[in-house]
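Reading through the structure tokens given below for one structure.
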Amino acid sequence: MKSAVVRVQFVTRPFDAASRQIRFGHGDPCPGHEGLRGPDAGEWAGRTLDEVAAEDPAAVQRWLTDPDYAPTGGESVTALIARVGSALAGLAPGTHRAVVDQAVVRAGVVHALELPAAAFWRLDVRPDTVTTLTGRLGRWNLLIGQPIDT
């Protein structure tokens, strides 16, 4: 008897004006997959990285180097990875297609490949691509950066 397969196709959003400015999000929803919503940037939401860095460069440096650090009212990288990992673990067999933030793709890959949380910042995710995780028996395989039309 074959084990059930879960396939998750993460579709990354195209770069928009906010992305080009590196603007912190508000935890953008992922309809049908609450656990795959975007990261919650807390008090930084709606502001650009440059604005936050000008006001508190030490906080930005800590956010970029300490996976357990979270902006006030926000979510740490470690918490994001755990949330996305929990969402992946709870998916029913079959194929799931989710339009997500690049950070959610990073978190999913870190979780699935059992990478250290610090690897989150070392993964570049292209906009307008599909990253697929295929899981069976608690083990995941990764297909990176396919064009959306495949």
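The values are calculated or read from the model by the stated rules, or taken from the named source; none is laboratory data. Please read these numbers as outputs of a predicted model, since none were measured by experiment. Methodologically, a virtual Cβ is constructed for each residue, glycine included, from the backbone with ideal geometry; neighbour enumeration extends over all protein chains shown. Please note that ligands, DNA and RNA were not included when accessible areas were found on the heavy atoms of the full protein model with its side chains. Shrake-Rupley method; radii C 1.70, N 1.55, O 1.52, S 1.80 Å.
With P(r) over Cα pairs in 10 Å bins from 0, in percent defined as stated, name the option among (i) 13, 39, 31, 14, 3; (ii) 11, 41, 34, 11, 2, 0; (iii) 11, 35, 28, 17, 8, 2 computed from the structure displayed.
(ii)
What residue among Thr132, Thr65, Thr12 shows peak mean-square fluctuation when the chain is described by a Gaussian network model with Cα springs under 10 Å?
Thr65
Which listed residue (Ile148, Gly135, Trp44) has the Cα farthest towards the positive end of the charge dipole for the chain, taking +1 on Lys and Arg C-beta and -1 on Asp and Glu C-beta about the Cα centre?
Highest projection toward the positive end goes to Gly135.
Can you tell me what share of the DSSP beta bridges in the chain is antiparallel? A percent to the nearest 5 is fine.
70
State in Å² the accessible area per residue of the stretch 2-150; use a 1.4 Å probe, count heavy atoms of protein chains only, and round to the nearest integer.
Numbers: 8180 Å² over 149 residues.
Here the residues of the stretch 2-150 average 55 Å² of exposed surface.
Rounded to the nearest 20 debye, what is the charge dipole size of the chain about its Cα centre when +1 sits on each Lys and Arg Cβ and -1 on each Asp and Glu Cβ?
820
When the chain is treated as a GNM, springs tying every alpha-carbon pair under 10 Å, which of Leu123, Leu133, Leu36 comes out with the largest mean-square fluctuation?
Of Leu123, Leu133, Leu36, the Gaussian network model singles out Leu123 as fluctuating most.
Taking the Cα centre of the stretch 48-122 as the origin, how large is its charge dipole in debye, to the nearest 20, when only Lys and Arg (+1) and Asp and Glu (-1) carry charge on their Cβ atoms?
On the way: 5 positive and 9 negative charges, 91 e Å.
With Lys and Arg at +1 and Asp and Glu at -1, about 440 debye.
Using only DSSP helix segments of four residues or longer, with each worth -39500 (n - 2.57), what per-residue ellipticity at 222 nm results for the chain after dividing by its residue count and rounding to 500?
Result for the chain, helices only: -8000 deg cm²/dmol.
Taking only Cα atoms, what is the 0 to 90° angle, nearest 10, from helix 102-112's long axis to the longest principal axis of the chain?
Roughly 50 degrees between the two axes.
Give me the percent of the accessible area of the chain that comes from carbon and sulfur atoms, probe 1.4 Å, all protein chains in place.
Details: 4500 of 8420 Å².
About 53 percent, which is the carbon plus sulfur part of the accessible surface.
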